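The values are calculated or read from the model by the stated rules, or taken from the named source; none is laboratory data. Only a predicted model underlies this, so the values are computations on that prediction, with no experimental measurement involved. So basically every Cβ, Gly included, is an ideal-geometry build from the backbone, and we count neighbours across all protein chains shown.
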Amino acid sequence: MELVRLLFRNVLRHKLRGILTIVGVGVAVMAFALLQTVVSAWYAGVEASAANRLISRHAVSFVFPLPLAYRDRIAQIPGVNKVTFASWFSGVYIDKNQFFARLAVDSDTFFDVYSEFLVPPEQFEVFKRERNAAIIGSDIAQRYNLKLGDIMPIEGDVFPGQWEFVVRGIYEPRDQTTDPTTMMFHYKYLEERVRQEMPQRAGDIGWYIVRIDDPDNSAAISQEIDKLFANSRAETKTETERAFQQSFLSAASAVITAMNVMSFVIIGIILLVVGNTMIMSARERTHEFAVLKALGFTGGQLFFLIAGESILLSLFGSALGLGVTFPAVAGFETALPKGWFPVFYIKPETVAIGCAAGLLVGVLAAIIPLRRVLTTRIVEGLRHVG
Amino acid sequence: MVAPFIQVQEIYKSYQRDSLEIPVLRNINLEIAEGEFIAFMGPSGSGKTTLLNLIAGIDKPTSGKILIAGTDVTELNESELAVWRSRNVGFIFQFYNLIPVLTALENVELPLILTPLSKKERRAHAEMALAVVGLAERMHHYPRQLSGGQEQRVAIARAIATDPAILVADEPTGDLDKASAEEVLELMDRLNRELNKTILMVTHDPRAAERARSTRNLDKGELNN
Ligand SMILES: Nc1ncnc2c1ncn2[C@@H]1O[C@H](COP(=O)(O)OP(=O)(O)O)[C@@H](O)[C@H]1O
Ligand SMILES: [Mg+2]
């Protein structure tokens, strides 16, 4: 017999209470992980942003276009490595509940700047040669069962009319943070029809993406771009891709912050759950701990028994919680409208924090009962009834 | 002349309750020879348990000395005392105090964890101790599956497993029926005679006291006769 056997027997001495505690911790850890996953889904755009990319948009609002003519002027600024641009096409595919980004892009340069979209070269060659060809993310291909050569009819809203695109490329996301749900097609094709159907909007683009040589110069180059177009018909606002992505979040940031705070409050609640259980069980065993001390067991051994029990309870709970998090996140994602969060996955950090929190809670929850047990004199413990 | 095994000298013990000092033991002087079986009797509250606890090294006197085999246990610090107890004292309590989630065998093995014995040796010692108390067949039973008398015998097995020289028993038959009490007393008698254990027993049952070789009376914290 080793002391560790007593430790394990103690965990389930009160089966119902032990199980309820473990389940309680499990539910809380799951809630924590789910909230963290939602929070990081919001931040996915920010995380995916590259340090060497600047976004130049209309100074008044993102919805106003910029002239295509700016492209060459931006390209001339020292430190600028490559300029590309995109327009927000939007439109309705199938119905209004299908969310994914649909962009008209400068196909000659866009995929150089967005190297995280991995397009097979042979598909890209075919794409380049066909005016209404499109490249879609692998998730979109899977979600709508689209194959190379399939037609995607889209009803325009930003650019009214019926549009038809042929899938000629399917890109794979390079990183876990890369959005696998974007659809991109030739700006030239858009421009062709705009010239005929909405001539007053010809030569407009949505925003510029500027790749720079040295991320350290981002502030200076941003200023220089904006200076170039100051006092013009369309002034620009240039910032890092990261700042640009963050500006999208500002409206939701209070909610995100609340969720973030809440997720850590939940960790606090776990502490109370386990702490409560440990205080109860240590109190019930006051007598028993006094007997162990009388037999000659030391503070270190009692620490092992009490902290060990507490840590086991919370680690079992965390393991259970993280175990159910994966199906829970999957279920949560299906409950959302399709593509609501382009990037939705449980980050390794979330799992790590969940485990670490379990361990920490286990240790902290043991402190109060441990203090009691260690400071109670043997004779008092032996007299204790109840 | 050899010094007595246990020497209690000038022991005073008082408890502090608020600002009041409550004397519990006064001027206790006592000598106990090795192999003695002594019973302490006296009315409830007379200080029997307190005296036993002091000798067993789980409580400290307000003043005075307790020498056991040459060691003044009142001078030892907490951790020295813990080691000393694990080597020298076996405890038998009124309510057995077995650990409910451990089997009889595991309960008896518990104090052996504190010894340098190997796992196999610990188990062998525990089985032997259970055989001595006549419960070898019940070693895999949990306390709740045993009668009160059997539980107390397991507790006695736990007390003798480490082979301590001293056994302290506080009302060991206080919770038992007559027949079980008789068995337990018989067992203690045997441990005293056959294994030469020095036994200190607190009781207020005169029949239990009769089994001891000598009896001392405590009254209001003072030792008579
Ligand atoms: N921890 C304590 N605090 C205050 N008084 C105590 C404490 N322990 C024992 N006493 C008092 O000491 C006296 C003797 O107690 P005890 O030794 O248990 O007596 P006995 O075992 O003879 O019944 C009692 O009056 C009891 O109330
Ligand atoms: Mg008593």
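State the number of residues belonging to segment B:159-187 that are closer than 18 Å to residue B:57 by Cα, more than 16 Å from ligand 2 (Cβ to nearest atom) and either more than 14 Å from chain A (Cβ to nearest Cβ) or among the charged types (D, E, K, R) (or both).
Residues in segment B:159-187 being closer than 18 Å to residue B:57 by Cα, more than 16 Å from ligand 2 (Cβ to nearest atom) and either more than 14 Å from chain A (Cβ to nearest Cβ) or among the charged types (D, E, K, R) (or both): 2 in total.
Hey, which of the helices (runs of 4 or more DSSP H) in segment B:20-129, taking only ones fully inside, have at least 1 residues that are under 25 Å from residue B:195 (Cα atoms) and within 16 Å of ligand 1 (Cβ to nearest atom)?
In segment B:20-129, B:48-56 are the helices (runs of 4 or more DSSP H) which contain 1 or more residues that are under 25 Å from residue B:195 (Cα atoms) and within 16 Å of ligand 1 (Cβ to nearest atom).
If you check residue A:304 against the conditions, is it in contact (Cβ under 8 Å) with a residue 60 or more places away in the chain, over 20 Å from residue B:93 (Cβ atoms) and surrounded by 17 or more Cβ atoms within 10 Å (Cβ to Cβ)?
Considered against the rule, which asks whether it is in contact (Cβ under 8 Å) with a residue 60 or more places away in the chain, over 20 Å from residue B:93 (Cβ atoms) and surrounded by 17 or more Cβ atoms within 10 Å (Cβ to Cβ), residue A:304 comes out as no.
If you scan segment B:164-178, which residues turn out to be surrounded by fewer than 24 Cβ atoms within 10 Å (Cβ to Cβ) and within 16 Å of ligand 1 (Cβ to nearest atom)?
Selection gives B:170, B:171, B:174, B:175.
Condition check: at pLDDT below 95 and surrounded by fewer than 21 Cβ atoms within 10 Å (Cβ to Cβ). Does residue B:94 satisfy that?
The answer is yes for residue B:94.
Taking the stated definitions as given, is residue B:49 more than 17 Å from residue B:166 (Cβ to Cβ), in contact with a strand residue (DSSP E or B) (Cβ under 7 Å, 6 or more places away or on another chain) and β-branched (Val, Ile, Thr)?
For residue B:49, the condition - more than 17 Å from residue B:166 (Cβ to Cβ), in contact with a strand residue (DSSP E or B) (Cβ under 7 Å, 6 or more places away or on another chain) and β-branched (Val, Ile, Thr) - is not met.
Being more than 30 Å from residue B:22 (Cβ to Cβ), more than 16 Å from ligand 1 (Cβ to nearest atom) and modelled with pLDDT under 95: is that true of residue B:146 here?
Spelling it out, it is not the case that residue B:146 is more than 30 Å from residue B:22 (Cβ to Cβ), more than 16 Å from ligand 1 (Cβ to nearest atom) and modelled with pLDDT under 95.
I'd like the residue in segment B:203-225 that is in contact with a helix residue (DSSP H, G or I) (Cβ under 6 Å, 6 or more places away or on another chain) and within 13 Å of ligand 1 (Cβ to nearest atom) and, out of all such residues, is farthest from residue B:36 (Cα to Cα).
Going through the qualifying residues, I end up with B:218.
Which numbered condition in (1) touching a Lys or Arg at 6+ places or on another chain (Cβ under 7 Å); (2) surrounded by fewer than 20 Cβ atoms within 10 Å (Cβ to Cβ) is the only one that residue B:224 fails?
Among (1) touching a Lys or Arg at 6+ places or on another chain (Cβ under 7 Å); (2) surrounded by fewer than 20 Cβ atoms within 10 Å (Cβ to Cβ), residue B:224 violates only (1).
What helices (runs of 4 or more DSSP H), lying completely within segment A:1-73, carry at least 1 residues that are within 14 Å of another protein chain (Cβ to nearest Cβ) and of a type outside the set (Val, Ile, Thr)?
Here the list reads A:3-11, A:15-42.
Looking for something within 15 Å of ligand 1 (Cβ to nearest atom) and within 29 Å of residue B:83 (Cβ to Cβ) - is there at least one such residue anywhere in segment B:181-188?
No; the residues of segment B:181-188 include none that is within 15 Å of ligand 1 (Cβ to nearest atom) and within 29 Å of residue B:83 (Cβ to Cβ).
Quick one: residue A:27 ticks every box in (1) over 30 Å from residue A:304 (Cβ atoms); (2) modelled with pLDDT of 90 or more bar one, so which box is it?
Checking residue A:27 against (1) over 30 Å from residue A:304 (Cβ atoms); (2) modelled with pLDDT of 90 or more, the one that fails is (1).
Is there a residue in segment B:9-27 that is surrounded by 22 or more Cβ atoms within 10 Å (Cβ to Cβ), within 16 Å of ligand 2 (Cβ to nearest atom), within 14 Å of chain A (Cβ to nearest Cβ) and on the phi > 0 side of the Ramachandran plot?
Looking through segment B:9-27, none of the residues is surrounded by 22 or more Cβ atoms within 10 Å (Cβ to Cβ), within 16 Å of ligand 2 (Cβ to nearest atom), within 14 Å of chain A (Cβ to nearest Cβ) and on the phi > 0 side of the Ramachandran plot.
Based on what the data block shows, is residue A:277 in a helix (DSSP H, G or I), out of contact with any Pro (no Cβ under 9 Å at 6 or more places or on another chain), surrounded by 21 or more Cβ atoms within 10 Å (Cβ to Cβ) and more than 14 Å from chain B (Cβ to nearest Cβ)?
Spelling it out, residue A:277 is indeed in a helix (DSSP H, G or I), out of contact with any Pro (no Cβ under 9 Å at 6 or more places or on another chain), surrounded by 21 or more Cβ atoms within 10 Å (Cβ to Cβ) and more than 14 Å from chain B (Cβ to nearest Cβ).
Inside segment B:136-155, can you point out the residues that are touching a helix residue (DSSP H, G or I) at 6+ places or on another chain (Cβ under 6 Å) and either crowded, with 22+ Cβ neighbours inside 10 Å or within 11 Å of chain A (Cβ to nearest Cβ) (or both)?
B:151, B:152, B:154
Pick out the one residue from A:311, A:267 that is more than 14 Å from every other protein chain (Cβ to nearest Cβ), within 28 Å of the chain's Cα centre (by Cα), under 23 Å from residue A:362 (Cα atoms) and buried (at least 16 other Cβ atoms within 10 Å of the Cβ).
Exactly one of A:311, A:267 is more than 14 Å from every other protein chain (Cβ to nearest Cβ), within 28 Å of the chain's Cα centre (by Cα), under 23 Å from residue A:362 (Cα atoms) and buried (at least 16 other Cβ atoms within 10 Å of the Cβ), namely A:267.
How about segment B:188-214: which of its residues are at pLDDT 95 or above and either over 22 Å from residue B:6 (Cα atoms) or within 16 Å of ligand 2 (Cβ to nearest atom) (or both)?
Once the filter is applied, which keeps residues that are at pLDDT 95 or above and either over 22 Å from residue B:6 (Cα atoms) or within 16 Å of ligand 2 (Cβ to nearest atom) (or both), segment B:188-214 yields B:200, B:201, B:202.
Which one of these is over 15 Å from residue A:264 (Cα atoms), at pLDDT 85 or above and away from chain B (no Cβ under 14 Å): A:372, A:383?
A:372
Checking the conditions here, which among B:62, B:50 is surrounded by 14 or more Cβ atoms within 10 Å (Cβ to Cβ) and within 16 Å of ligand 2 (Cβ to nearest atom)?
B:50
Give the residues of segment B:91-127 that are small (Gly, Ala, Ser) and facing another protein chain (nearest Cβ under 9 Å), sorted by residue number.
Correct list: B:126 only.
What is the one condition in (1) of a type outside the set (S, T, N, Q); (2) touching a helix residue (DSSP H, G or I) at 6+ places or on another chain (Cβ under 6 Å); (3) more than 16 Å from ligand 2 (Cβ to nearest atom) that residue B:5 does not satisfy?
(2)
Please name all residue pairs, on different chains or six or more residues apart, with Cβ atoms under 9 Å, provided the first residue is in segment B:50-62 and is within 9 Å of chain A (Cβ to nearest Cβ) and under 13 Å from residue B:223 (Cβ atoms) and the second residue is within 16 Å of ligand 2 (Cβ to nearest atom) and of a type outside the set (S, T, N, Q).
Between residues of segment B:50-62 that are within 9 Å of chain A (Cβ to nearest Cβ) and under 13 Å from residue B:223 (Cβ atoms) and residues that are within 16 Å of ligand 2 (Cβ to nearest atom) and of a type outside the set (S, T, N, Q), the close pairs are B:50/A:379; B:50/B:13; B:50/B:15; B:50/B:24; B:50/B:25; B:50/B:59; B:50/B:221.
Can you name every one of the strands (runs of 3 or more DSSP E) wholly within segment A:88-206 that holds 2 or more residues which are β-branched (Val, Ile, Thr)?
Correct list: A:133-137, A:151-156, A:161-173.
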